[in-house]
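Since the structure comes first, as structure tokens, the remarks are kept for the end.
The values are calculated or read from the model by the stated rules, or taken from the named source; none is laboratory data. Note that the structure is a prediction, hence the values are computed from the model and not measured. Note that we place each Cβ from the backbone using ideal geometry, even for glycine, and neighbour counts take in every protein chain shown.
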């Protein structure tokens with residue numbers, strides 16, 4: 001009994017590329033992720049307004065869900081305007 005010929009290993013199977021461009025993209029995305037983590041850690045340590053907002057909202061997930069909604073419907077000139085908007089909307093004490 002003869003066996004049917006085997007198809008080549010790559011037939012019909014998608015294999016991710018391992019080119020140099022993919023490696024650079026992965027490094028860039030990792031760097032941006034680490035930079036974002038550092039940015040939010042610094043904010044958590046030094047920005048009192050950010051700390052008050054985060055404490056009121058609870059989790060980072062909730063903070064970013066609210067932030068996503070605001071940025072979808074409102075335009076802000078800078079980060080301080082976003083935090084001021086959230087701070088006033090949550091009716092947090094300014095003193």
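Annotations for the structure displayed:
- Residue check, residue 57 surrounded by 10 or more Cβ atoms within 10 Å (Cβ to Cβ), farther than 19 Å from residue 82 by Cβ and modelled with pLDDT of 90 or more: no
- Each residue in the range 69-91 was checked for being in a helix (DSSP H, G or I) and loosely packed, with under 10 Cβ neighbours inside 10 Å, and 2 of them qualify.
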